[in-house]
1. Test GLU275 against the criterion of being in a loop (DSSP other than H, G, I, E, B) and on the phi < 0 side of the Ramachandran plot, and give yes or no.
2. Testing ARG225 on (1) touching a strand residue (DSSP E or B) at 6+ places or on another chain (Cβ under 9 Å); (2) under 28 Å from GLY100 (Cβ atoms), one condition comes back false. Which one is that?
3. For residues in segment 151-169 being out of contact with any Pro (no Cβ under 6 Å at 6 or more places or on another chain) and not in a helix (DSSP H, G or I), which is nearest to ARG201 (Cα to Cα)?
4. Which ones in segment 216-240 are under 18 Å from the mean Cα position of the chain (by Cα) and either within 26 Å of LYS163 (Cβ to Cβ) or among the small types (Gly, Ala, Ser) (or both)?
5. Could you check segment 76-150 for strands (runs of 3 or more DSSP E) lying wholly inside it with 1 or more residues that are at pLDDT 95 or above and buried (at least 21 other Cβ atoms within 10 Å of the Cβ)?
6. Being in a loop (DSSP other than H, G, I, E, B), more than 20 Å from PRO126 (Cβ to Cβ) and of a type outside the set (D, E, K, R) is the filter here; which residues of segment 50-75 pass it?
7. Restricting to segment 78-114, what's the tally of residues that are of a type in the set (A, V, I, L, M, F, W, C) and within 16 Å of the chain's Cα centre (by Cα)?
8. Please find, among GLY277, GLY237, the residue that is of a type in the set (Gly, Ala, Ser), closer than 18 Å to LEU135 by Cα, buried (at least 16 other Cβ atoms within 10 Å of the Cβ) and modelled with pLDDT under 85.
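The values are calculated or read from the model by the stated rules, or taken from the named source; none is laboratory data. Because the structure is predicted, anything quoted here is derived from the model rather than measured. Methodologically, a virtual Cβ is constructed for each residue, glycine included, from the backbone with ideal geometry; neighbour enumeration extends over all protein chains shown.
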Amino acid sequence: MLSMPSTPEPAIKDQEQGCLFVVATPIGNLEDITLRALKILTQADLIAAEDTRRTRRLLTAHNISNQLISYHEHNEAQRTPELIQRIRQGDHIALVSDAGTPSVSDPGYRLVHQARKQGLCVVPIPGVSAAVTALSASGMATDQFTFVGFPQRKKNKRIQQLKELSAYQGTLIFYQSPRRLIEFMDELRSIFGDRPAVVCREMTKTYEEFVQDSLSALIEQFCQRVSLKGECTLLVGPETYQTGPDQQELEKILEQKLAETDLPIGQIAKQIALEYGLKRNTIYDMLIKIKKAQ
């Protein structure tokens, strides 16, 4: 059983030493923020934000007025020593990114690393992460997964990266720009084969979308769209799930499916392949044999 604190956490200004608070913020819906995060954002001496305009909208939505300073990939080398010095002097700094958890595919690593290296106080204020949010509602295997984040930008390095990941027997989680999503899925298909995948888009927002299918089917579907907006999280399953049925069990499942539905064999093969993380062609061939035997 979890033990709950008997008294409320003291105000951060009562702490004797300065501290860096790594604060997770919403990835879309502004209500997805913890009470503790709101407390830290209210009481901190300074908020270091990836985009001060976006963070100001979050603060305004929760009636918080506090000082902001920009901290992003283009100025973090310059800003880090300045913020470290302020923490040394006793200030409490709240670090936030545009969305989700700082330093996870977002600016923040350099500052956290330096603070830890110099023995300063660093406190995580946990909350939303796009990777875990996508995984939890995707229907993909969750017992083993690897967060890759944004793939390498240069094509030759990206192809090498994907080749190294191709043998992994768990769910892979990628972040990708909507402009590059189709091309990236095509690269995955050419290296991984036609695996099951889920595109998670606009999570927690009005037009939230989870689209599950094979990589080839997803490519075909998204190619038909006039435009694609919103950062995407792409989950790709292994070639064969270790928890899938054995040959005898699979034959029984296919026989039952044929008896229960009038769907075309190709569509049945597609459904079973996605459900168990198996190759569609293998399932299709098995269905044909069972159909002939019947």
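1. No: the conditions fail for GLU275.
2. (1)
3. PRO151
4. The answer is GLY230, GLU231, CYS232, THR233, LEU234, LEU235, VAL236, GLY237, PRO238.
5. Per the criteria, 92-96, 121-125.
6. Result: ASN63, SER65, ASN66, GLN67, HIS72, HIS74, ASN75.
7. Applying the first criterion (of a type in the set (A, V, I, L, M, F, W, C)) to segment 78-114 yields 83-84, 87, 93-96, 99, 104, 111-112.
Those left that are additionally within 16 Å of the chain's Cα centre (by Cα): 99, 104.
The total comes to 2.
8. Sole residue among the options that is of a type in the set (Gly, Ala, Ser), closer than 18 Å to LEU135 by Cα, buried (at least 16 other Cβ atoms within 10 Å of the Cβ) and modelled with pLDDT under 85: GLY277.
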